[in-house]
Every structure is written in C-alpha cells, then in structure tokens.
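The values are calculated or read from the model by the stated rules, or taken from the named source; none is laboratory data. Fair warning: this is a prediction, and the values are worked out from it, not measured in the lab. Cβ atoms come from the backbone with ideal geometry, glycine included; neighbour counts cover every protein chain shown. For accessibility, only protein heavy atoms count, side chains too; no ligands or nucleic acids. Shrake-Rupley method; radii C 1.70, N 1.55, O 1.52, S 1.80 Å.
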Amino acid sequence: MHTDLSWKTLHQIINQTIADMLDEHQTLNVLSLRARLRELAESEDDEMMVLCYWQASKILMRLPTTVTASQLMNAARHAFRTPLNHDLL
C-alpha cells in the first residue's frame with residue numbers, strides 16, 4: 001500500500017487537534033497532544049486516518065516535553081523535517 005503523508009496533511013491534523021483541545025480548555029503540551037492523537041487513532045475506523053494520527057504522534061514524540069503550546073507547531077515542523085538522530089536543542 002502506497003501512502004503519501006505529506007507535512008501539509010499532518011500539519012492540518014495537528015492544528016485541528018490543538019484547536020479542539022483549546023476549545024475544550026484542556027492543558028496543551030506535547031504529552032497531552034500525543035495522548036489525544038492516540039485516542040483519536042484508537043477511535044478511528046478509517047485506516048488512513050489511523051496512520052495519520054499515529055504519524056503525527058510519532059513526530060511529536062521527538063520533541064522535548066518542555067515545548068509550550070505557542071512553540072508547538074514550529075517545533076513539530078522542525079522535528080518532521082530533520083533526521084531521527086538530530087538533537088532539537
């Protein structure tokens with residue numbers, strides 16, 4: 001199976017999840033965002049969306065837990081575009 005999970009798609013998923021969490025007045029940090037993405041993946045029936053949620057969560061796994069909500073999207077973009085062994089700090 002060939003899938004094209006572009007940064008644009010993952011960016012939209014992360015942005016929408018952040019917006020939903022903010023609307024619900026939930027704490028927003030790397031750990032809570034990853035937890036929400038995992039919850040969404042577990043409740044999703046569409047295999048492509050499960051893969052998208054999983055990939056978005058995997059990207060965020062590479063970020064330090066001290067990233068604030070205002071820094072989250074820039075840090076996620078950086079993590080997505082750099083090699084796995086790259087140190088963000």
Counting Lys and Arg as +1 and Asp and Glu as -1, what is the net charge of the other residues whose Cβ lies under 12 Å from the Cβ of ASP20? -2
For MET49, solvent-accessible area (1.4 Å; no DNA, RNA or ligand), Å²: 50
Over all distinct Cα pairs, what is the inverse of the mean 1/r for the range 1-69, reported as the Kirkwood hydrodynamic radius in Å? 12.3
Once the whole set of protein chains is in place, how much accessible area is left on ASP46, using a 1.4 Å probe, in Å² to the nearest 10? 80
With DNA, RNA and ligands ignored, accessible area of THR66 (1.4 Å probe; Å², nearest 10): 110
Starting from the residue with the highest accessible area, list LYS58, LYS8 in decreasing order, probe 1.4 Å. LYS8, LYS58
In terms of solvent-accessible area of protein heavy atoms at a 1.4 angstrom probe, what is the ranking of VAL50, VAL30, highest value first? VAL50, VAL30
